[in-house]
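The values are calculated or read from the model by the stated rules, or taken from the named source; none is laboratory data. Remember, it's a predicted structure, so these values are computed and weren't measured experimentally. As a convention, Cβ positions derive from the backbone with ideal geometry for all residues, glycine included, and neighbour counts pool all protein chains shown. Surface areas here come from the heavy atoms of the whole protein model, side chains and all, with no ligands, DNA or RNA. Shrake-Rupley method; radii C 1.70, N 1.55, O 1.52, S 1.80 Å.
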Amino acid sequence: MRYLLPSLVCFVLLPIAASAGATTVVSNDEHPWAEGTSIETEGPGLWGFRAHKMICAIAWWDMEDDTRAAIHDLLDVDDRYERFIESCLWADEVRGRVALYDRWTTAHYVNLPRGATAFSVERDCANTFCVVEGILEARDVLSGSDEVNEERLDALRFLSHMMSDIHQPLHAGYADDRGGNDTKITFFGRETNLHAAWDWGFTEHTGKQWMDYASELYFGISDEDRAEWASDDPGSWSFESFEIVYASAYDIGNGDVGQEYFDRHIDVVELRIQQAGVRLADWLDALLGD
């Protein structure tokens, strides 16, 4: 049954390490903008833990009961992850740390050239295993059998994570500044980079607890939204993100940004979180549901 009330669901999260290359020092991964915290990323970065958890919570609430049951069966393969939300962070945990998954290191993002008018897998994924290819490969593994095994669990964990990543606009940004990582800014007085501001900064600046925030966004989704967002084309999702990058993400003036920049973009960030959650639920219903 869809629309499982968020208030009836309780998740206890385990500490999860940051992605490879990050210099993140976070207490309970809730306040990366606090004093003594570094959120600089080295490489294409990671959609903040809060956003990943929010997206997977929305997906969990929106999916069918039999899909949840199938996910529980797969999670039982690895007893480190008792809850779906925890498993959604796994792809960053193994990134650069477990050689078996090295080919997935670049599958968190895709780069498009400035001025692109569409996503092209031949052009944009020619030199890397990109996020679009990662999503499609994970989908094919999940759909290839009904077996409960580690290969399909890995596919679930990659799919859930990459479908979040592709909706973060700077994960479909420009190669020449590594998706905003090389564009230095000051965000509400903190020195950081553009990618980190979109990964962490917007959701953190709201001051909302992540579960409450996810619940608020979930109840703001209408059936008309679900119908409008329905899509089986991750290439189009990457271009949605790229259009946001191209339209306004780099309107940063002298690089000192704050409330005006936040006010212009927070609705976009929230929309992408909602879209990712709904699309993830739809895909998992199709792949794992009866």
TODO: Go through GLN259, GLN274 for me and flag whichever is of a type outside the set (A, V, I, L, M) and touching a Gly at 6+ places or on another chain (Cβ under 8 Å).
DONE: GLN274
- [ ] Check GLY201, GLY179, GLY207 and return the single one that is crowded, with 21+ Cβ neighbours inside 10 Å and part of a loop (DSSP other than H, G, I, E, B).
- [x] GLY179
Open item on the list: I want to confirm something. Restricting to the stretch 224-235 and keeping residues that are surrounded by 14 or more Cβ atoms within 10 Å (Cβ to Cβ) and not in a loop (DSSP other than H, G, I, E, B), which single residue is nearest to the chain's Cα centre (by Cα)?
Closed with: PRO234
Open item on the list: List pairs: first residue in the stretch 61-81 and more than 15 Å from ASN149 (Cβ to Cβ) and outside any loop (DSSP other than H, G, I, E, B), second residue open to solvent by less than 20 Å² (accessible area, probe 1.4 Å) and small (Gly, Ala, Ser) anywhere in the structure, Cβ distance under 6 angstrom, at least six positions apart or on different chains.
Closed with: ASP62/ALA281
Open item on the list: Pull out all pairs, ordered by first then second residue, where Cβ-Cβ is under 8 Å, the residues are six or more apart or on different chains, the first lies in the stretch 276-290 and is closer than 13 Å to SER160 by Cβ, and the second is surrounded by fewer than 19 Cβ atoms within 10 Å (Cβ to Cβ) and of a type in the set (Ser, Thr, Tyr).
Closed with: ARG279/SER231; LEU287/SER143
Open item on the list: When the residues of the stretch 210-223 are narrowed to those that are exposed (fewer than 15 other Cβ atoms within 10 Å of the Cβ) and of a type outside the set (A, V, I, L, M, F, W, C), which ends up nearest to GLN274 (Cα to Cα)?
Closed with: GLY220
Task: the stretch 134-150 residues that are under 20 Å from ALA107 (Cα atoms), paired with ones that are open to solvent by less than 70 Å² (accessible area, probe 1.4 Å) and in a loop (DSSP other than H, G, I, E, B) (beta carbon under 7 Å, 6 or more apart) - done: GLY134/ALA107; ILE135/ILE166; GLU150/VAL77
Open item on the list: Restricting to the stretch 141-176, give me the number of residues that are outside any helix (DSSP H, G or I), among the aliphatic types (A, V, I, L, M) and either touching a Phe, Trp or Tyr at 6+ places or on another chain (Cβ under 8 Å) or modelled with pLDDT under 95 (or both).
Closed with: 1
TODO: Within the stretch 182-198, count every residue that is of a type in the set (Phe, Trp, Tyr) and surrounded by fewer than 17 Cβ atoms within 10 Å (Cβ to Cβ).
DONE: 1
Open item on the list: Looking at the stretch 41-57, can you tell me whether even one residue there is at pLDDT below 95 and among the polar types (S, T, N, Q)?
Closed with: yes
Task: Verdict on SER7 being at pLDDT below 50, farther than 19 Å from ASP165 by Cα and assigned to a helix (DSSP H, G or I) - done: yes
Task: Lone qualifier among THR117, THR106 - being among the polar types (S, T, N, Q), open to solvent by less than 60 Å² (accessible area, probe 1.4 Å), more than 17 Å from ARG152 (Cβ to Cβ) and part of a loop (DSSP other than H, G, I, E, B) - done: THR106
